[in-house]
1. Pull out all pairs, ordered by first then second residue, where Cβ-Cβ is under 9 Å, the residues are six or more apart or on different chains, the first lies in the stretch 41-60 and is without any contact (Cβ under 8 Å) to a residue 24 or more places away in the chain, and the second is of a type in the set (D, E, K, R).
2. If Ser16 passes every condition in (1) exposed (fewer than 10 other Cβ atoms within 10 Å of the Cβ); (2) at pLDDT 70 or above but one, which one does it miss?
3. State the number of residues belonging to the stretch 36-54 that are out of contact with any helix residue (DSSP H, G or I) (no Cβ under 9 Å at 6 or more places or on another chain) and surrounded by 10 or more Cβ atoms within 10 Å (Cβ to Cβ).
Amino acid sequence: MLDCLARIEMLIAFLSDMAEDERLRILARCMGGMAAAKAKGIKLGRKPKLTGHHRVYVASRSDVYVMPSASSVPTAAMRCLSIDPRGDVSD
């Protein structure tokens, strides 16, 4: 019985090593593909929902609120609260 259990544990360890090796190979292929795409100038990531001219159109309408980009959220929030980003309070 003990010999059988040892063989099962060895088999599980072997399959675990194989799975880990396959995971590393998949990761290497993905990273290689992303590097090749970047070298070709292909833009990675999600495409914007609105194109440039759609953004201009939506921004020109006063009855529609346009969410600012992630980088300008703190500045936009500070402006709404009448807080100067430099630390001064505006009236």
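The values are calculated or read from the model by the stated rules, or taken from the named source; none is laboratory data. All of these numbers come straight from a predicted model, not from anything done at the bench. Don't worry about glycine lacking a Cβ; one is built from the backbone with ideal geometry, like all the others, and counts go over all protein chains shown.
1. Listed pairs, sorted by first residue: Leu44/Lys38; Pro48/Arg55.
2. Tallying (1) exposed (fewer than 10 other Cβ atoms within 10 Å of the Cβ); (2) at pLDDT 70 or above, Ser16 fails exactly one: (1).
3. So the answer is 5.
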